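Data first, discussion second: the structure below is written as structure tokens.
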Amino acid sequence: MDPQAIDQTLRDFVRGSRFIQEGAVVTDLDGTAVHEFEGRIVIPDAVSHSLKRLRDHGRPVILNSLRFPLNVIRTFGREWYAISNAPLPLVSLNGGLMGRLVETREGEIAFEEIHAFPLTAAELDEVLVGVQGLVDGGIDDLVLFYYPRDWTQGELIWTPVPEKVGEIRAKYLSATRVTSSPVGALRNDLHAHEICMIFLLINAEEDQLMAYQHAKRSNFVTHDGIDKLSGLEALAGQLGLDLAQAVGAGDTPMDSFLKGVGLAVHVGDLALEYKGLTATVKVRGSRELGGLFTRLATLLEGGFR
């Protein structure tokens, strides 16, 4: 999108909304506000510096991610916390778990829950019926990731094939635990926890999956009606924020929260269907997003030149 057109859209939004007084910035992480460099996930300086400017002027910054809280903390929690030096709101697990990144007395970053939408027993059983059907049908090259409400447990992984535990553990270093068991034992474990999200990854040909209703190569499962938008709305309600005055940035069809903010920023090459309540702009990547946030901070400071 033409830089001049983006600048004019930003000007119009800041002038026509209450962003300066009541606005917030909501951003997805991977592919949006962060990128991978030499095997490490980093926040571009342009993003971190501009968000800190916005936060210094009282505009809250909210992270909205599929990542689980422990992973956000371990990968770049300290860097993100430094942007605000105050509790940093986080919508996690596709809207299933919301809270704040906080600093403990010991100087560590932790997660403090505000609200959660765990799957019901019936929703868990629906997933398990599908998993049992796949296994019974000879499709055992699948991996089930599940994320308890207790954020300290992190990411738990199950496979029906015991011989693959070591391989999966080596591939998914973020996992707290990788186990293999009959589906019945998995059922007991799932029902013993409050689960906020399940991710089922199936390595099988499409024609094999056709026999199983609703089976997909990958599938995110949250409580009915919960996604990044509903999670953000619940968090905004708790924090007293009006999303119509907010700016949101995302890069994939999972970023449904873009249609709930005043100004939506599409990041990257994908053509997203979500439009902001007031306006929508598009940038090519996280560095250009940093430039947009920088211009937004300048406008907030009165820079309407």
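Things to note:
- The local environment of GLN4, defined by Cβ-Cβ distances under 13 Å, has a net charge of -1 under the rule Lys, Arg +1 and Asp, Glu -1.
- Selected from GLY95, GLY250, GLY268 as most flexible by GNM, with the chain as the system and alpha-carbon contacts under 10 Å: GLY268
- The overall shape of region 257-305, judged from the alpha-carbon gyration tensor, is oblate: a/c is not under 1.5, and a/b is no greater than b/c.
- Shape analysis of region 229-273 based on the Cα gyration tensor places the equivalent ellipsoid semi-axes at 21, 10, 7 Å, largest first.
- Computed extension length for GLU112-LEU173: 19.6 nm, one decimal, from 0.36 nm per residue of separation with the Cα-Cα distance subtracted.
- Across the chain, Cα-Cα pairs more than 24 Å apart make up 54 percent of the total.
- Note: region 121-221, Cα convex hull, 91 Å³ per residue.
- Taking the chain as the region of interest, the number of lysine pairs whose Cα atoms are within less than 23 Å, with members eight or more places apart or on different chains, is 9.
- For region 38-138, the set of GluC sites (Glu not before Pro) satisfying both a DSSP loop assignment and a count of at most 10 other C-beta atoms within 10 Å is given as GLU38, GLU106.
- Kirkwood-based Rg to Rh ratio, region 1-153, C-alpha trace: 1.07
- Estimated 222 nm signal from helices in the chain, with DSSP H stretches of n ≥ 4 weighted -39500 (n - 2.57), rounded to 500: -10000 deg cm²/dmol
- Spin-label zone in region 70-98 - amide nitrogen under 17 Å from a point set 7 Å from the Cα of ASP56 along the C-beta vector: 80-86
- Antiparallel content of DSSP bridges confined to the chain, in %, to 5: 55 percent
We did not get these values from a lab; they are worked out from the coordinates using the rules stated. Please read all numbers here as calculations on a predicted model, not as lab measurements. Note: ideal-geometry Cβ built from the backbone for every residue, glycine included; neighbour counts use all protein chains shown.
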